[in-house]
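Derivation of every value follows stated rules applied to the coordinates shown; laboratory data play no part. All values derive from a computational prediction rather than experimental measurement. Cβ placement follows ideal geometry from the backbone for every residue including glycine, while neighbour counts extend to all protein chains displayed.
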Amino acid sequence: MNDLQKDKVVLLFGGRSTEHDASVGMHEYFRKELQHDRQVEIEAEIYISPEGDCFIYKWDAPPRIGELTAANPVTILDMVAIVKMMGCFCFSLLQGRDGEDGNIQGLAAFLDIPGNFGAVYPSCLGTHKWAQAVIAGELLQEKLKKIETALVWANSSPAQVASVVDRFAGRECVIKPNSLGASFFAEPVSTLSAETLLGALERIQPFDPCVLVQERIVGREVSCGFLVVHPDIELLPVIEVKPTSGFMGRREKSGVYERSVLPRFDPIFDLVMKATLTLARHGGYHTAGRADFMVDQNGDAYLLEVNSMPGLMQTSLYTEMLREAGYSIADLVRTSIANEVHYREARRAENEAVSKFVRTDK
Ligand SMILES: Nc1ncnc2c1ncn2[C@@H]1O[C@H](COP(=O)(O)OP(=O)(O)O)[C@@H](O)[C@H]1O
Ligand SMILES: [Mg+2]
């Protein structure tokens, strides 16, 4: 293919998020995968430091690993203006806060910046596990069971804390932040006490004012990715994760676990695929997404969460799902670009309809 016809992309990575390092890892993998791709060309790479300084690298002077802050820093406002002026497709590898909570999604939509950002709704939902469970319960009452959950605020009164402790008395629980990812601060608790809960609230509060206490589901953990190829949704292979410690905590997620592709004949395969398709259809995801479930000894499935920006490091689950389905990272980027063309057409038509309505509705 002629170089002039290549799709030019800007990679955005790093970020003011607890998942900053994962995003940097994703960038390393993307640049390796895209460097010699015949159809996708990296026009620029933009690193956002944990403090929010932006460092822009053009294609002919790429960032060096370990020297991401070598360029002159610019502010977020300037960076956004530069990206807008460049006019190319921005593939965001930002994770967590700002990256997948609706912030950058809203900004990109407002400023009409093409990219894989997606709509605000699925992002907000993905970073509000409690709300997501409520909606999944409505959509899938016959297929999924609900994990019993209490939402606790950092400033909850001693009486509120005591009532949550009472509710989960004598049961194994999981305490985790409502919005963070990558198992940050997620921990199993054999017996919930006020002291344990208050300690967790104090640790989590600087990052997230909402904490969830859930009954612990003991059993299997499976994950099903999907790829939107507008207007269709393709389900990717289901992967079962098996943490050697028995709990997929932060340490396990960074590599200490086994996993395998779930065979089609597995009794939970159909259930997980159907539930994922329903959730994917409902959410209006841009291109990628991944639904995670626990399945107990009775074969009942429970939704943990749907990720609107699944991790995309070389060893990430979603990357493996893509690979198993025969897709490369360049395929993912190209699919995002093709999807964005459709979404932009729809947004343009909507803008026209609104302006016509406002002008004629007098
Ligand atoms: N209620 C639960 N029962 C059993 N394991 C859980 C429960 N909630 C979370 N976990 C474990 O903790 C991990 C992280 O929780 P999750 O809700 O997916 O948050 P994160 O966004 O950090 O991935 C899950 O992958 C799962 O292994
Ligand atoms: Mg998860």
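Using R₀ = 30 Å, calculate the FRET efficiency as 1/(1 + (r/R₀)^6) where r is the Cβ-Cβ separation of Ser190 and Tyr121; round to 0.05.
0.20
Subtract the Cα-Cα distance of His230 and Leu77 from 0.36 nm times their separation in residues, and report this length gain in nm to one decimal.
Result for the pair: 51.9 nm of gain on full extension.
Placing +1 at every Lys and Arg Cβ and -1 at every Asp and Glu Cβ, with all other atoms neutral, what dipole size does region 148-215 have around its Cα centre, in debye to the nearest 20?
Its charge dipole is roughly 80 debye.
Could you tell me how far the Cα centroid of region 307-321 sits from the Cα centroid of region 70-130, in Å?
Using only Cα atoms to place each centre, the spacing works out to 19 Å.
Could you calculate the FRET efficiency of Glu350 with Phe269 from 1/(1 + (r/R0)^6), where r is the beta carbon distance between them and R0 is 51 Å, rounded to 0.05? Walk me through the numbers before you get to the answer.
Numbers: r = 38 Å, r/R0 = 0.75.
So, using R0 = 51 Å, E works out to roughly 0.85.
Quick check on the chain: helices-only [θ] at 222 nm, where DSSP H runs of length 4 and up contribute -39,500 (n - 2.57) each and the sum goes over total residues. Nearest 500, please.
Calculated from helices alone, the mean residue ellipticity at 222 nm is -11500 deg cm²/dmol.
What FRET efficiency comes out for Ala70 versus Val341 if R0 is 30 angstrom and r is the Cβ-Cβ distance? Round to the nearest 0.05.
Computed FRET efficiency for Ala70 and Val341: 0.30.
Between region 229-306 and region 326-340, what is the separation of their alpha carbon centroids in Å?
Taking the Cα centre of each part, region 229-306 and region 326-340 sit 21 Å apart.
Magnitude of the Cβ-charge dipole of the chain, K/R +1 and D/E -1, about the Cα centre, nearest 20 debye? Mind dumping the intermediate values first?
Numbers: 37 positive and 49 negative charges, 77 e Å.
With Lys and Arg at +1 and Asp and Glu at -1, about 360 debye.
Please report, in debye to the nearest 20, how large the charge dipole of region 1-138 is about its Cα centre when each Lys and Arg carries +1 at its beta carbon and each Asp and Glu carries -1 there.
Dipole size: approximately 80 debye.
Going 7 Å from the Cα of Thr315 in the Cα-to-Cβ direction, what parts of region 248-286 have a backbone nitrogen less than 17 Å from that spot?
248-261, by backbone N distance to the label point.
Listing Glu142, Glu67 from the residue with the fewest other Cβ atoms within 10 Å to the one with the most, what is the order?
Result, fewest neighbours first: Glu142, Glu67.
Using 0.36 nm times the number of residues separating Glu28 and Lys362, minus their current alpha carbon distance, what extension gain do you get?
Length difference between fully extended and current span is 114.8 nm.
For the Cα atoms of the chain, what angle does the longest principal axis make with the long axis of helix 194-204, in degrees from 0 to 90, nearest 10?
Here the helix axis deviates by roughly 10 degrees.
What's log10 of I(q)/I(0) for region 1-139 at q = 0.12, 0.19, 0.22 Å⁻¹, Debye sum over Cα points only, no solvent?
With no solvent term, the Cα-only Debye profile gives -0.49, -1.12, -1.41.
Specify whether the C-alpha gyration tensor of region 148-215 places it in the rounded, prolate or oblate class, a ≥ b ≥ c being the square roots of the eigenvalues: rounded for a/c under 1.5, otherwise prolate if a/b is larger than b/c and oblate if not. Write down the numbers at each step before the final one.
Numbers: a/c = 1.78, a/b = 1.22, b/c = 1.46.
It is oblate, given that a/c is not under 1.5 and a/b is not larger than b/c.
Hey, what did region 148-215 get for relative contact order, percent, Cα under 8 Å, at least 6 apart?
Relative contact order, region 148-215: 48 percent.
Between Glu51 and Gln205, 0.36 nm times their residue separation minus their Cα-Cα distance comes to what?
Length gained between Glu51 and Gln205: 53.5 nm.
Could you state the angle between the C-alpha long axis of helix 129-139 and the longest principal axis of the C-alpha atoms of the chain, as a value from 0 to 90 degrees rounded to the nearest 10?
90 degrees
Can I get the semi-axes of region 278-362's equivalent ellipsoid? Compute them from the C-alpha gyration tensor as square roots of 5 times the eigenvalues, in angstrom, largest first.
35, 20, 8
On a 0 to 90 degree scale, rounded to 10, what angle separates helix 158-167 from the longest Cα axis of the chain?
Once rounded, the angle reads 70 degrees.
If each of Ser157 and Ser328 carries a label point 7 Å out from its Cα toward its Cβ, how far apart are those two points in nm?
Going by the 7 Å Cα→Cβ label model, 6.1 nm.
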